[in-house]
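What follows is a short report on a single structure.
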Amino acid sequence: MALDTERSVEWVAGPGCRARIHPEIVLGFHGLCLVKPVNDEDWYMGSLNGDGSVDCWSAYSDLHEALRGL
């Protein structure tokens, strides 16, 4: 399902190491999300939190690989 891009999305590389992602596309899959950032060809996988934010922990070079990673 396509989700609203007006939400907080962060890349979580480890404890205390977070970076904001500005989403162009957010796709929801039963608690998991795929996010395509603005001006970036990679897709990021993460969890959809209760407040609507997304914490991403994995990156893929294209949508096909990201979908396979689900």
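Tabulated data for the structure shown
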item	result
R7 vs. criteria part of a strand (DSSP E or B) and either in contact (Cβ under 8 Å) with a residue 60 or more places away in the chain or of a type in the set (K, R) (or both)	no
Of the criteria (1) out of contact with any helix residue (DSSP H, G or I) (no Cβ under 7 Å at 6 or more places or on another chain); (2) part of a strand (DSSP E or B); (3) touching a residue at least 12 places away in the same chain (Cβ under 8 Å), which one G52 fails	(2)
Pair list, Cβ < 8 Å and 6+ apart or interchain, from the range 30-42 residues that are over 13 Å from W57 (Cβ atoms) to residues that are part of a loop (DSSP other than H, G, I, E, B) and open to solvent by less than 70 Å² (accessible area, probe 1.4 Å)	K36/D42; E41/D62
Top-ranked residue of the range 18-29 - restricted to ones that are without any contact (Cβ under 8 Å) to a residue 40 or more places away in the chain and open to solvent by less than 70 Å² (accessible area, probe 1.4 Å), ranked as farthest from A2 (Cα to Cα)	A19
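The values are calculated or read from the model by the stated rules, or taken from the named source; none is laboratory data. Predicted, not measured: the structure shown is a model, and the values here were computed from it. Positions of Cβ are generated from backbone atoms using ideal geometry, with glycine treated the same way; all protein chains shown enter the neighbour counts. For the accessible areas, the whole protein counts, side chains as well, though only heavy atoms, and no ligand, DNA or RNA atoms are used. Shrake-Rupley method; radii C 1.70, N 1.55, O 1.52, S 1.80 Å.
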